[in-house]
There are 2 protein chains.
Amino acid sequence: MLRLADEERLKRSPLHRAIGEPAMALLLANASVQALPAGARLFEQGEEVRFLHLVLSGRVSLLAKALGEPDTVIEVFAEGELLVAPAAILSLPYLVSAEVTTAARVLFIPVEDFRSTLERDPALARAMAELLARHWRVLVRQIKDLKLRSSAQRLAAYLLAIAELRGGGASVSLPEPRRVIAARLGMTPESLSRAFARLKRLGVSGKGRRLQLESVEQLRSFSAYDDQR
Amino acid sequence: MLRLADEERLKRSPLHRAIGEPAMALLLANASVQALPAGARLFEQGEEVRFLHLVLSGRVSLLAKALGEPDTVIEVFAEGELLVAPAAILSLPYLVSAEVTTAARVLFIPVEDFRSTLERDPALARAMAELLARHWRVLVRQIKDLKLRSSAQRLAAYLLAIAELRGGGASVSLPEPRRVIAARLGMTPESLSRAFARLKRLGVSGKGRRLQLESVEQLRSFSAYDDQR
DNA sequence: CGGCTTATTGACATACGTCAACTATTGTGG
DNA sequence: CCACAATAGTTGACGTATGTCAATAAGCCG
């Protein structure tokens, strides 16, 4: 069930670090791991929560849909991250759906175990408060983005956020297909293409997933980027 | 310092209910209350956190500014609510500023007292996890709004959210000047005016702060509104 | 009752979405 | 390994929602 590699990854997760061995054991008592292909759905908006999910590997997107069809991406979670704890904490139905973007291994913790551990173990409660606090900031940043920046500025900020700096430039490897990035940034794939075209003039080059940023400085001032984590 | 009316309000706040008398006493040890006029600033984006703020009365807006000037409103807090706990929990600078919208009385809790109580009192940690979980959902809903709905739909959803239902209709009393509502909904005051004009055809009437909604049903379907709390 | 702020309306600009055609990339089976 | 289909991304033409700027009207307060 829990492979060795999974154990390793679990040990490195922020949750495990924060709450330690004994509390983790409680959470794992009835937990299981599933290997899921890209496209698999973990849960749907409106459903009752049955498991708390922890991403062991791969990537999982949170999707929101309006009554019409086109889903948008709220956030993408990677290795070590916990999915949609709020619904689990509040015993409320999911506000969003979750879809595997890159084939993933996911830990399923029964929500009753999570809730009872949350009652009993103060470290878990503190860890959740901290995790949610971090997430609050991620979401607020996204709202600021959507309200205050143009699509090209959002793209620039996104590239800066995932870039590996070196010297005055940086290189970026896009972690998702462009279509997903477009949704995450609140635009259509077409607009994303055009945003990339606009950024060419600001020193963004390369094709496929690998890109080079010629001048981080220039991008930063274009995006009105504030590095605050 | 703490007036009787303040005590009353404090007792009714979700925080007090959740953590009880003794933990609350710890938080209050060095706390003070300030009466603030509309327009007063509680803190600025980028500043270090020195106090945790609890709104006793009045309304306080969270503002975000880009490098250019025009601020946008992330959220408005009313009586009994806690302001920007994430920065306090994480010991990170504020991501947003706070401005009093309607003259307010605000409790200032020194952040050291908050942090030490958070360490020691599991009930506070759990209360914070729950509070942040609720807030997470508020923010996600706003992101869904911004990405998936038109300005008129956002306004319709907003009106439904604050409406007092009666029969098939409802009445609404706008809690903020229209300029603030516009910013909260991610549009200009001009666009808000036009959104109201569009909703007239859907049975939204009245002027000034008091409005009537003729058919909640009609608005709901127009806004593609999902009531999920 | 002025005078100041706040909201509305109109004319216009623009960013972004939509639709469609085209191109590139990826995967698959012969 | 190539050929081809399927999918993903780009580009162009065009429409529309929303922003901008300016003028007017409406509320609000001393």
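The values are calculated or read from the model by the stated rules, or taken from the named source; none is laboratory data. Predicted model only: the values in this text are computed from it and were never measured. Cβ placement follows ideal geometry from the backbone for every residue including glycine, while neighbour counts extend to all protein chains displayed.
Annotations
- Residue match in the range B:68-82 (condition: within 14 Å of chain A (Cβ to nearest Cβ) and in a helix (DSSP H, G or I)): no
- Put simply, of A:ARG154, A:ARG126, A:ARG194, A:ARG209 the only residue that is within 23 Å of A:LEU63 (Cα to Cα), at pLDDT 95 or above and among the basic types (Lys, Arg) is A:ARG154.
- Within the range A:89-119, considering residues that are outside any loop (DSSP other than H, G, I, E, B) and at the interface with another protein chain (Cβ under 9 Å from one of its Cβ atoms), the one nearest to A:GLY20 (Cα to Cα): A:LEU118
- The residues on offer are A:LEU199, A:LEU219, A:LEU165, and the sole one that is touching a helix residue (DSSP H, G or I) at 6+ places or on another chain (Cβ under 8 Å) and within 13 Å of DNA strand C (Cβ to nearest atom) is A:LEU199.
- Applying the criterion of being assigned to a loop (DSSP other than H, G, I, E, B) and within 9 Å of another protein chain (Cβ to nearest Cβ) to the residues of the range B:27-67, the residue that is surrounded by the fewest Cβ atoms within 10 Å (Cβ to Cβ) is B:LEU67.
- Evaluation of A:ARG179 against (1) near DNA strand D (Cβ under 10 Å from one of its atoms); (2) in the same structural domain as A:PRO22 (by TED's automatic domain parsing) (one fails), failing number: (2)
- The set of residues from the range A:178-193 being assigned to a loop (DSSP other than H, G, I, E, B) and without any contact (Cβ under 8 Å) to a residue 12 or more places away in the chain comprises just one member, A:THR188.
- Count of residues meeting criterion [more than 15 Å from DNA strand D (Cβ to nearest atom) and in the same structural domain as A:ARG184 (by TED's automatic domain parsing)] in the range A:116-162: 5
- Per the listing B:GLY208, B:GLY167, B:GLY186, the residue uniquely on the phi > 0 side of the Ramachandran plot and within 14 Å of chain A (Cβ to nearest Cβ) is B:GLY186.
- Residues of the range A:137-148 satisfying the condition of being touching a helix residue (DSSP H, G or I) at 6+ places or on another chain (Cβ under 7 Å) and more than 7 Å from every other protein chain (Cβ to nearest Cβ): A:ASP145
Conditions tested, residue by residue: (1) modelled with pLDDT of 95 or more; (2) over 15 Å from the mean Cα position of the chain (by Cα); (3) not hydrophobic (A, V, I, L, M, F, W, C).
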position	(1), (2), (3)
A:ALA66	no, yes, no
A:ILE74	yes, no, no
A:PHE77	yes, no, no
A:ALA87	yes, yes, no
A:PRO93	yes, yes, yes
A:PHE108	yes, yes, no
A:PHE114	yes, yes, no
A:LEU131	yes, no, no
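- Unmet requirement for A:VAL204, which otherwise passes all of (1) within 11 Å of DNA strand C (Cβ to nearest atom); (2) more than 21 Å from A:VAL140 (Cα to Cα); (3) modelled with pLDDT of 95 or more: (1)
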